[in-house]
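Everything below concerns the one structure shown next.
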Amino acid sequence: MEQRHLGRTGLRVSRVGLGTLTWGRDTDEHDAADQLKAFWEAGGTLVDTADVYADGGAEYLLGQLIEDLVPRSDLVIATKAGSVPDPDRRFDGSRGHLLAALDSSLGRLGTDHVDLWQVHAFDPGTPLEETLQALDIAVSSGRARYVGVSNFCGWQLAKAATWQLAAPGGRTRLASTQMEYSLLQRGVEREVLPAALDLGVGLLPSSPLGRGVLTGKYRHATPGDSRGASPQLAAFVAPYLDDAASRIVDAVTTAAEGLAATPLQVALAWVRDRPGVAAPIVGARNAQQLTAALSVEELSLPDEICRALDDVSAPVHHYPDQDWSTL
């Protein structure tokens, strides 16, 4: 699998990453092991998790598989901290919480460092410079090699990345931002992606298959074994089962038929090769699903197909995203 630099750093990652959102909950240790082995054998390196996935179960499961199944040195392990199970405060970006969470993550993962440590979301209740100081401490102490953010809007990302570049004292630049991005969700193109491109921050798209909808599996019904039928994830899929999404899925399916490919391959290739994207993060129920996603390595979309998909999925952005003189 082709490797790409993550943002304007020396860290290289596989251009498709493996997500572990369901590990330790819907994905058991056997399926997780099969996925990790298939991913590694295909040349994949970037494995993304978080301290809140299955309440730490995903990290623990990944830690059990490292070394016994796949050499630690062959993987780029990314995790996140900052989300908390508190209805009154969903995110805690305080220095104390983040560093304590990192230590707990390292314990579950069974490693002395993570390759990429990400703040899971912006915390309006904590000064941003305090949150960023936790990232600096993680790197200077050797517990993280690179750092990034997740779910930051445009101004939040720009402020954080600029602070790290401009503040005195050798701050650690942000390597990445992880955001949902697909043909069904192009909101990052308004401000997040332009900021990331300008500041040298690599984009790691989550849900690059539109929460599974872009595979075409929901075109006629909701499969009983799908996330859309899962009590935990049905509400997660539901927003992308409307008429607008159906038109985009139909276009993806038509493109796939013309290319002798699958809708999954077309949708994933589109987001993988968008400007600024380092590696879409793909989650799968089993190794068979993951292998189908990894087969995208051989596909590059023709320019005319890209333009057609761009047109059918184009979000309505006007002022101030367009030049005012054209409005």
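The values are calculated or read from the model by the stated rules, or taken from the named source; none is laboratory data. These numbers come from a predicted model, not from an experiment. Here Cβ is always computed from backbone atoms with ideal geometry, including for glycine, and neighbour counts include all displayed protein chains. In case anyone asks, the SASA skips ligands and DNA or RNA and just uses the protein heavy atoms, side chains included. Shrake-Rupley method; radii C 1.70, N 1.55, O 1.52, S 1.80 Å.
With a simple spin-label model that places each label point 7 Å from the Cα along the Cα-to-Cβ direction, the separation between residue 26 and residue 137 comes to 3.6 nm. With a ≥ b ≥ c taken as the square roots of the eigenvalues of the C-alpha gyration tensor of region 134-249, please select rounded if a/c is under 1.5 and otherwise prolate if a/b is larger than b/c or oblate if it is not? Prolate, because a/c is 1.5 or more and a/b exceeds b/c. Looking at region 263-325, none of the GluC sites (Glu not before Pro) sits in a DSSP loop with at most 11 other Cβ atoms within 10 Å of its own Cβ. For the chain, the share of DSSP beta bridges that are antiparallel, to the nearest 5, is 15%. Of the trypsin sites (Lys or Arg not before Pro) found in region 72-178, those in coil by DSSP whose Cβ has at most 15 other Cβ atoms within 10 Å are 89, 90. Across 301, 132, 109, mean-square fluctuation computed from a Gaussian network of the chain (C-alpha pairs under 10 Å connected) peaks at 301.
Only helical runs count toward this figure. For the chain, summing -39,500 (n - 2.57) over DSSP H runs of n ≥ 4 and dividing by all residues gives -11000 deg cm²/dmol at 222 nm. The candidate values are (i) 84, 40, 32; (ii) 75, 46, 34; (iii) 57, 52, 39; the one derived from this structure for Cα extents along the principal axes in Å carries the label (iii). At what distance in angstrom do the alpha carbon centres of region 77-121 and region 147-224 lie from each other? The two parts, judged by their Cα centres, are 18 Å apart. Taking amide H positions as modeled 1.01 Å from N, with prolines and chain starts lacking one, the residues under 5 Å from residue 150 and 5 or more places away or on another chain are 119, 121, 178. What shape does region 23-129 take by its C-alpha gyration tensor, where a ≥ b ≥ c are the square roots of the eigenvalues and a/c under 1.5 counts as rounded, a/b above b/c as prolate, and the rest as oblate? Note, shape of region 23-129 comes out prolate.
The residues of the chain have, on average, 43 Å² of accessible surface per residue, using a 1.4 Å probe with all protein chains present. The charge dipole of the chain, taken about the Cα centre with unit charges on the Cβ atoms of Lys, Arg (+1) and Asp, Glu (-1), comes to about 400 debye, rounded to the nearest 20. Here the chain exposes an accessible surface that is 51 percent carbon and sulfur, computed with a 1.4 Å probe and the other protein chains kept in place.
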